[in-house]
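The structure appears below as structure tokens.
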Amino acid sequence: MQTASWLLNIPKPVQDRMQFLEERDAKDRKNGTAHIKRLRQIPPETGMLLALLAASAPEGQVLEIGTSGGYSTLWLALACRKRGDRATTFELLPDKADLARETFAKAQVDDVVDLVHGDARSRIKDYEEVAFCFLDAEKEMYTEFYGEIVTNLVRGGILVADNVISHREELAEFIEEARGDKSMDSVLLPVGKGLLISVKRK
């Protein structure tokens, strides 16, 4: 598959911040940093796929649930520049929200990213006409989020859920619900830690 040219020309501030976060994540994994503090971010190949999907999604809002240090959001920011759009990302933990703010400032993507610090479960229903959503939060929340997100997806809207292979047993109920939803077309891809990609039919 030929990579889109705009993903071959990532601005240097974004590249530099991506490299910083990749190195920090690798260090955390090597040192066995506490689970709650680790960035647990996606690998670059997942980020590139997210950017391509988000850029090709229909008109509507671009959302992310689970910002962490903002690495995946940087990929969505690239897509939003391509779309002429903005991304809204939710992060619950204060330390990670602070790191994400630093990420967006240093990568110079503040103009296309809105960070919401707080529990997305109480707010996600307020975001209507959703074109794309990346779900990478605590796994026990996936099923709860699914209904709210799918209800507000536009026709052709895309929901991407991460960790569906690495946490397959934990997410079994969620995967079964998504695959059984007649309003969605879903496929599980072995990219990164496993992505469930669902597209709204009607």
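For this structure, a couple of remarks:
- Cα gyration tensor shape of the chain, rounded if a/c is under 1.5, else prolate or oblate by comparing a/b with b/c: rounded
- With the helix formula -39500 (n - 2.57) applied to DSSP H stretches of n ≥ 4, the chain reaches a computed 222 nm mean residue ellipticity of -12500 deg cm²/dmol.
- Spin-label pair Glu144-Asp185: with each label point 7 Å from Cα along the Cα-Cβ axis, the two points sit 3.2 nm from one another.
- Sorted peptide list for 184-194, 49-59, criterion being average Cβ within 10 angstrom, highest first: 49-59, 184-194
- Put simply, when 157-164, 128-135 are sorted by average Cβ atoms within 10 angstrom per residue, most first, you get 157-164, 128-135.
- Remark: the chain carries a charge dipole of roughly 500 debye about the Cα centre, counting +1 on each Lys and Arg Cβ and -1 on each Asp and Glu Cβ.
- Proxy reagent accessibility, fewest Cβ within 10 Å first, across Tyr71, Tyr146: Tyr146, Tyr71
- Built amide H within the under 5 Å cut-off of Val113, gap 5+: Ala87
- Taking a ≥ b ≥ c as the square roots of the eigenvalues of the alpha carbon gyration tensor, the stretch 54-142 is oblate, as a/c is not under 1.5 and a/b does not beat b/c.
- Taking other C-beta atoms within 10 angstrom as a stand-in for reagent exposure, Ser122, Ser72 fall in the order Ser122, Ser72, fewest first.
- Rounded FRET efficiency, nearest 0.05, which uses the C-beta distance separating Asp111 from Leu7 and R0 of 30 Å: 0.95
- Signed unit charges on C-beta, dipole axis of the stretch 1-147, positive-most listed residue Val62, Leu7, Thr143: Leu7
- Antiparallel content of DSSP bridges confined to the stretch 63-202, in %, to 5: 40
- Exposure proxy ranking, count of Cβ atoms within 10 Å, fewest first, for Leu76, Leu93, Leu171, Leu99: Leu93, Leu99, Leu171, Leu76
- For Leu153, residues with placed amide H under 5 Å, excluding near neighbours: Val130
- Full extension of the segment from Glu128 to Glu170, taken as 0.36 nm per residue of separation minus the current Cα-Cα distance, would add 12.3 nm.
- Full-extension gain in nm, Asp119 to Asp16, via 0.36 nm per residue minus C-alpha separation: 34.1 nm
Only the coordinates and a few stated rules stand behind these numbers; no lab work does. From a predicted model like this one, the values you see are computed outputs, not experimental measurements. A quick note on method: Cβ atoms are made from the backbone with ideal geometry, for glycine too, and the neighbour counts reach across all protein chains shown.
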